[in-house]
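Every read-out reported here was derived from the displayed coordinates using simple, explicitly stated rules and does not represent laboratory data. Predicted model only: the values in this text are computed from it and were never measured. Counting neighbours? That spans all protein chains shown, and the Cβs are built from the backbone with ideal geometry, glycine included.
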Amino acid sequence: MNTSNILIVEDELIVARDLQLTLEKAGYHVCGIARSVVKAEELAAQHQPELVLLDIHLAGRETGIDLAHRLREQRIAFIFISANSGADLLAAAKATQPYGFLVKPFRERDVLVSIEIALYLHQQKVALRPQQAGNCFDGIVGSHPLLLQVFEDVKLVAALDTSVLITGESGTGKEQIAACIHRLSPRRDKALVKVNCAALPESLINSELFGHEKGAFTGATEKHAGKFEQAHGGTLFLDEIGEMSTDLQCRLLRALQEKEIEKLGGKAPVKIDTRIVAATNRDLEKEVAAGRFRVDLYYRLHIFPIHLPPLRERKEDIPELVQHFLMRFAERTGRPVVTIAPAALSQLVAYDWPGNVRELEHVIERSIIMAKGGIVTEVLMGR
Ligand SMILES: Nc1ncnc2c1ncn2[C@@H]1O[C@H](COP(=O)(O)OP(=O)(O)OP(=O)(O)O)[C@@H](O)[C@H]1O
């Protein structure tokens, strides 16, 4: 009997229901059907599926390819299901390293065989992981002492259950470090849920974080589990915490102190066990001094601060980072690796990188596209 939990991400309800029937007949458990990437991420965080069946064209702004990259980071297996199999789309799908690609219309048998193989391959990978997990800092390039100190801090704090505040300029890798803390913590098998506090309007962020009951406000047609609840047992990454309104800061502080939240329209508080990792590129002390950030919340988050150095303070890492981005671009696109001329590399090392590693990543991608004869001879700085 198969008991694996499977999530279906498909915008055509008839196809999704057919798939659900097929899977349930074969003994799998379908933990949900999502029509958009947003809903899929909500369900994935809630149910921790072993496998996701993923359509490419979905309702909403993002595609199945966008979601696939993130599922891969979270080490959740997925198989694409799509009516379209054009060369460009296949190249983009391949770059996400899926466990399979089924072209619609497909036979029941093909779906079941693909799922069985995907689950088997995924289990093999998971079984191998303990030896490889030694490096949870995979994908974080650099060996400057300032970065090595960050790695040490992360290893130390990951095992504890305290809140962590990651500071550093934009593009220095704060989100990557937050993911490492989660992966190294005892909460690693539960969800890591991310919220960008600057990306949501004030009116939405409240229900996004704390959730709401059905009928809590006009348009609340269904009960919604907020990010706090979705991250129950796991970690909630609050990016750009410096942008939070004072009202929300107050609710967050209460949630941290009481370990419970109040849903919009809810009758009783809900107990939560969620670890907070927050990040900011602002100087929170200045924000506190200016009265824009609550001092009590600041101290609550500041129990263990981790500071990421700007790239200009660890220029020695630039050549290795450049090499990393050149290789990664080749891997993603399936094209040969482009090299870089020494003069161009010197220019990159000399530059000050106000946008840090993210800016370097963009400059390299742009330079590869403009490169002739497989070698980058010119680099064009600027974000
Ligand atoms: N040391 C590193 N090695 C490889 N890639 C890195 C490194 N640091 C950052 N990056 C890459 O740079 C980009 C920006 O990183 P990330 O989103 O973690 O930064 P951030 O500090 O959270 O930025 P922001 O404050 O703007 O949210 C990402 O694509 C990330 O993969």
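For this structure, a couple of remarks:
- Gaussian network model of the chain, Cα within-10 Å springs - most flexible of Ile181, Ile276, Ile368: Ile368
- Kirkwood-type radius of the chain, with distances r between different C-alpha atoms, in Å: 22.8 Å
- Prolate/oblate/rounded call for the stretch 160-219, Cα gyration tensor, a/c under 1.5 rounded: oblate
- Shape index of the stretch 1-106: Rg/Rh, with Rg the Cα radius of gyration and Rh the Kirkwood radius from the inverse mean 1/r over Cα pairs, equals 0.93.
- Between the residues Leu21, Gly60, Gly100, the greatest Cα displacement towards the positive end of the dipole of the stretch 5-132, with unit charges on the Cβ of Lys, Arg, Asp and Glu, is found for Gly100.
- Among the listed pairs Lys190/Lys263; Lys39/Lys155; Lys190/Lys315; Lys39/Lys271; Lys194/Lys259; Lys125/Lys227, those beyond 27 Å (Cα-Cα): Lys39/Lys155; Lys190/Lys315; Lys125/Lys227
- GNM remark for the chain: springs join alpha carbons under 10 Å apart, and the peak mean-square fluctuation among Pro269, Pro319, Pro105 falls on Pro105.
- For the chain, the relative contact order comes to 14 percent (Cα pairs under 8 Å, sequence separation of at least 6).
- Rounded to the nearest 20 debye, the dipole size of the chain about its Cα centre is 420 debye, using +1 on the Cβ of Lys and Arg and -1 on the Cβ of Asp and Glu.
- Think of each Lys and Arg Cβ as +1 and each Asp and Glu Cβ as -1; about the Cα centre, that makes the dipole of the stretch 313-376 roughly 320 debye.
- Computed over the chain, the per-residue total of -39500 (n - 2.57) for DSSP H runs of n ≥ 4 gives a 222 nm mean residue ellipticity of -14000 deg cm²/dmol, rounded to 500.
- Ranked by how many other Cβ atoms sit within 10 Å of their own Cβ, fewest first, the residues Ser36, Ser4 fall in the order Ser36, Ser4.
- When the Gaussian network model of the chain links Cα atoms closer than 10 Å, the mean-square fluctuations of Arg251, Arg187, Arg109 top out at Arg109.
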